[in-house]
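Shown next, in structure tokens, is the structure this report addresses.
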Amino acid sequence: MPGKPGKNKIGVSRRSFLVGAGATIAGAVAGRSLSLADHLQGSASQQQGYTDHAGAHDMAVVGECTSGTLDPDRFLTHFHYGDKQTPLADGKMLREYEFHAVDKEIEIAPGVFFPAWTYASPNAPGGRSGHVPGPTIRARAGDRIRINFVNEGSHPHTIHFHGFHSAEMDGAMPSHYVNPGDTFLYEFDAEPFGLHLYHCHSVPLKRHIHKGLYGAFIIDPPEPRPAARELVMVMNGFDTNFDGDNEIYAVNSVAHHHMRHPIKVKRG
Ligand SMILES: [Cu+2]
């Protein structure tokens, strides 16, 4: 049920938020001393709290995210080929990246903020302040990837890449953890081609991923595929009240963003 936009009693940055789960709102706004009643309207089931997930089509939001903490539109088509690119022998490239882990509060639905841990890269969506998902790393098979990782966050983090690399570059063992304030240089050849992912591998793993430390890692085949308009869509969920279940589901982190901003494609 899209719901009628309610009159906002609280202010521009704290608009009404309609959802099939009252607990979401309570959890999301509790730290902001907001009244749940000010934020809820609609059916009795919404006010009773959780409904089953079959009711997810009843979920809707009112208003727009205005904080600018996320950039789902730019993220959709942004491919990070490296902050610095240096041609190597036989047509391959050395692709150097600057990555930072940064704690950042992100707006995942209008007025709903989530205390995220992000990967930040100056030339990617979110820039130096970070984004969820992290930058989409893109290279061609055989390219050399070099990532200078700086942990500016509050917890030990790593970057664990799916794909081939040596054990020292795996980022999965406690000995690989990069502590707050420390740096690590990841370096490996981009192999094999395909759509991979990367994520933090510190434990608890579930927590470090859920907080936002993940992204796509695309390795193109040696022979280019036909040109196409390519879009990256990462489905993600957020547990806003820390009860072990996700309250907010989204594509590229902002719930219902593309309902209001449809992605245009050529028919046929
Ligand atoms: Cu982590």
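The values are calculated or read from the model by the stated rules, or taken from the named source; none is laboratory data. Computed from a predicted model, the values in this text were never measured in an experiment. Quick reminder, even Gly has a Cβ in these numbers, built from the backbone with ideal geometry, and neighbours come from all protein chains shown.
Assorted remarks:
- Condition met for VAL265 (β-branched (Val, Ile, Thr), assigned by TED's automatic domain parsing to the domain that holds ALA101 and in a loop (DSSP other than H, G, I, E, B)): no
- Of all residues in region 99-106, one or more are of a type in the set (Phe, Trp, Tyr), out of contact with any Leu (no Cβ under 9 Å at 6 or more places or on another chain), touching a residue at least 40 places away in the same chain (Cβ under 8 Å) and within 16 Å of the ligand (Cβ to nearest atom).
- Residue match in region 138-148 (condition: in contact with a helix residue (DSSP H, G or I) (Cβ under 8 Å, 6 or more places away or on another chain) and either buried (at least 22 other Cβ atoms within 10 Å of the Cβ) or free of Cβ contacts under 8 Å to residues at least 60 places away in the same chain (or both)): no
- Out of PRO122, PRO135, sole residue that is under 30 Å from ASN241 (Cα atoms) and either in a loop (DSSP other than H, G, I, E, B) or more than 15 Å from the ligand (Cβ to nearest atom) (or both): PRO135
- Test result for PHE188, over 23 Å from LYS104 (Cα atoms), surrounded by 15 or more Cβ atoms within 10 Å (Cβ to Cβ) and touching a helix residue (DSSP H, G or I) at 6+ places or on another chain (Cβ under 6 Å): yes
- Meets criteria (within 16 Å of the ligand (Cβ to nearest atom), assigned by TED's automatic domain parsing to the domain that holds PHE113 and touching a strand residue (DSSP E or B) at 6+ places or on another chain (Cβ under 8 Å)) for GLY153: yes
- Residue that is nearest to the ligand (Cβ to nearest atom), among those in region 173-197 that are among the hydrophobic types (A, V, I, L, M, F, W, C) and not in a strand (DSSP E or B): MET173
- Qualifying residue in region 218-235 (condition: surrounded by 13 or more Cβ atoms within 10 Å (Cβ to Cβ) and of a type in the set (Gly, Ala, Ser)): no
- Only one of the numbered conditions (1) at pLDDT 95 or above; (2) within 23 Å of the chain's Cα centre (by Cα); (3) away from the ligand (no atom under 16 Å from the Cβ); (4) farther than 18 Å from ILE147 by Cβ is not met by GLY244, and that is (1).
- Hits in region 126-135 (condition: touching a residue at least 24 places away in the same chain (Cβ under 8 Å) and surrounded by fewer than 24 Cβ atoms within 10 Å (Cβ to Cβ)): ARG128, SER129
- Of the residues making up region 198-216, those that are of a type in the set (A, V, I, L, M), more than 14 Å from ALA101 (Cα to Cα) and either without any contact (Cβ under 8 Å) to a residue 24 or more places away in the chain or near the ligand (Cβ under 10 Å from one of its atoms) (or both) are VAL203, LEU205.
- The residues in region 241-266 that are on the phi > 0 side of the Ramachandran plot and polar (S, T, N, Q) can be counted, and the count is 2.
Let's see how each residue does on (1) at pLDDT 95 or above; (2) touching a Ser or Thr at 6+ places or on another chain (Cβ under 8 Å); (3) assigned by TED's automatic domain parsing to the domain that holds LYS211:
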site	(1), (2), (3)
ALA37	no, no, no
GLN41	no, yes, no
ALA54	no, no, no
ASN148	yes, yes, yes
